[in-house]
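Just so it is clear, none of the values below were taken in a lab; they were calculated from the coordinates. Keep in mind that this is a model prediction, so the values were computed, not measured. Methodologically, a virtual Cβ is constructed for each residue, glycine included, from the backbone with ideal geometry; neighbour enumeration extends over all protein chains shown.
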Amino acid sequence: MSSHGITTSHFAEMLQEGLDRVVFDESGLPGFYDLSLYWNPEKPETVTDSVRQELGLELVNERRPVKVLVIDHFEVPLLK
C-alpha cells in the first residue's frame, strides 16, 4: 500500500478497508505524509508488525463501543 500526501486519519481509513475492522487515528500527528507499507493481506496479523517496523506507528487491539447505522429495509421507488 502506497499513498502520497495523506493524513494519518486517511491512513487509518485505508487500514480499516484492508483489515475489515475499525481503526481509529489517535496519533495526534498533524500534516500530510507519503507512506508505503508492505504486508501480506492474506495474513492480516502481520500488519501490526509492518506498521511498527516500517512506519514507527503502534497499532493497539482494543474493544470499544462503536455507533453503527443499520439499513434493515430497502424499497426501490416507483417511477412515475
**Asked** Between Pro41, Asn61, Gln16, whose Cα lies farthest towards the positive end of the dipole of the range 1-73 when Lys and Arg beta carbons carry +1 and Asp and Glu beta carbons carry -1, centred on the Cα centre?
**Response** Asn61
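Where nothing but the Cβ of Lys and Arg (+1) and of Asp and Glu (-1) is charged, how large is the charge dipole of the chain around its Cα centre, in debye to the nearest 20?
Rounded to the nearest 20 debye, it is 240 debye.
Around Leu55, under 12 Å between beta carbons, what's the net of Lys plus Arg minus Asp minus Glu among the other residues? Don't skip to the answer; put the middle values down first.
Details: positive: Arg52; negative: Asp34, Asp49, Glu54, Glu58.
Computed value for this residue: -3.
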**Message:** With a cut-off of 8 Å between alpha carbons and a minimum separation of six or more residues, what is the relative contact order of the chain in percent?
**Reply:** 25
**Prompt:** With each pseudo-label sitting 7 Å past Cα toward Cβ, what's the Gln16-Val60 distance in nm, one decimal?
**Reply:** 1.9
